[in-house]
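**Q** Sharing a structure here in structure tokens format.
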Amino acid sequence: MANRLVQRLDGAQITVIDPRRMHLYQPGLSLVAAGLKPASYVESDTAGWLPNGVTWPPERVAAVDAEAKTVSTENGETLPYDWLVVAPGLVLDHDAIEGFSPDVVGENGIGALYAGPEYAARTWAAASRFTEEGGTGLFTRPETEMKCAGAPLKHTFLIDDIARRAGNAGRMVYAAPQESLFGVPIVAEKVLMLFGDRAASTR
């Protein structure tokens, strides 16, 4: 949004308040978890993505006062605004999954793509053993909405392809509670065809 506004609003004062100094390229985590990229591939300096002229206090927002049109940061700074874009993001709640902890990622055949670069790399450590030894691969999609519904499918097909190229095609199971495998009907139909070609099952 900041990049777009800089291009379109001549002379505007634009501020991005974001505490994370390292930018995380989330779509790349599935590539790390498939052994196609190193963990470092998905991390870069946030400052490198901001256009010239944008102010960036690397702070957390503590409060928004819509009447006074101000934003307060955790370090006590208060910033006025004319127009505000709020992008609070997501917090992954692994504790909501009974029996799961990020500590087990990479062991006993357990993976988790989006816990972060380290966990994506540990996911590949577990998945690589599956691609070498075969067996049953269980891939899941959450019941809730998600930013990229194709990500679990992407990882399923990547691991299946790597295993097949190694001559160790195992049994692939894709577990998703939704009525359709993908929100776009023609894509959902294609996915079913691909699963059928690979003798993969869905639940």
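The values are calculated or read from the model by the stated rules, or taken from the named source; none is laboratory data. Keep in mind it's a predicted model, so treat the numbers as computed, not measured. Don't worry about glycine lacking a Cβ; one is built from the backbone with ideal geometry, like all the others, and counts go over all protein chains shown.
**Q** From the list Glu107, Glu132, Glu179, which one is out of contact with any Leu (no Cβ under 6 Å at 6 or more places or on another chain), assigned to a loop (DSSP other than H, G, I, E, B) and modelled with pLDDT of 90 or more?
**A** Within the list Glu107, Glu132, Glu179, the selection yields Glu107.
**Q** Another question, then. Write out, first by first residue and then by second, each pair whose Cβ atoms fall under 8 Å of each other, whose residues are 6+ apart or on separate chains, and whose first residue, in the stretch 185-201, is farther than 24 Å from Gly134 by Cβ while the second is of a type in the set (Phe, Trp, Tyr) and not in a helix (DSSP H, G or I).
**A** Ala188/Phe182
**Q** Being over 27 Å from Tyr119 (Cα atoms), small (Gly, Ala, Ser) and more than 26 Å from the chain's Cα centre (by Cα) is the requirement here; does Ala62 meet it?
**A** So Ala62 does not fit the description; no.
**Q** Hey, can you tell me all the residues within the stretch 1-28 that are among the acidic types (Asp, Glu) and over 22 Å from the mean Cα position of the chain (by Cα)?
**A** Asp10
**Q** Show the residue pairs that are 6+ apart or on different chains and have beta-carbon atoms under 7 Å apart, the first residue being within the stretch 90-110 and closer than 27 Å to Asp18 by Cα, the second being in a loop (DSSP other than H, G, I, E, B) and modelled with pLDDT of 90 or more.
**A** His94/Phe100; His94/Ser101; Pro102/Ala112
**Q** Given (1) touching a helix residue (DSSP H, G or I) at 6+ places or on another chain (Cβ under 8 Å); (2) of a type in the set (Gly, Ala, Ser); (3) not assigned by TED's automatic domain parsing to the domain that holds Val32, identify the lone condition not met by Gly53.
**A** Condition not satisfied by Gly53: (3).
**Q** With respect to Ala96, determine if the residue is modelled with pLDDT under 90 and either more than 30 Å from Val71 (Cα to Cα) or assigned by TED's automatic domain parsing to the domain that holds Val71 (or both).
**A** When the stated conditions are applied, Ala96 passes them.
**Q** Can you tell me which of Ala87, Ala115 is of a type in the set (Gly, Ala, Ser), surrounded by fewer than 14 Cβ atoms within 10 Å (Cβ to Cβ) and not assigned by TED's automatic domain parsing to the domain that holds Ala63?
**A** Ala87
**Q** I'd like the full set of residues that are surrounded by fewer than 13 Cβ atoms within 10 Å (Cβ to Cβ), under 22 Å from the mean Cα position of the chain (by Cα) and free of Cβ contacts under 8 Å to residues at least 60 places away in the same chain, limited to the stretch 143-177.
**A** Of everything in the stretch 143-177, those that are surrounded by fewer than 13 Cβ atoms within 10 Å (Cβ to Cβ), under 22 Å from the mean Cα position of the chain (by Cα) and free of Cβ contacts under 8 Å to residues at least 60 places away in the same chain turn out to be Glu143, Thr144, Glu145, Ala175, Pro177.
**Q** Restricting the search to the stretch 182-203, which residues are out of contact with any Leu (no Cβ under 8 Å at 6 or more places or on another chain), farther than 16 Å from Leu138 by Cα and not in a helix (DSSP H, G or I)?
**A** Gly183, Val184
**Q** Of everything in the stretch 79-97, what is assigned to a loop (DSSP other than H, G, I, E, B) and within 21 Å of the chain's Cα centre (by Cα)? Give them in sequence order.
**A** Val86, Ala87, Pro88, Gly89, Leu90, Val91, Leu92, Asp93, Ile97
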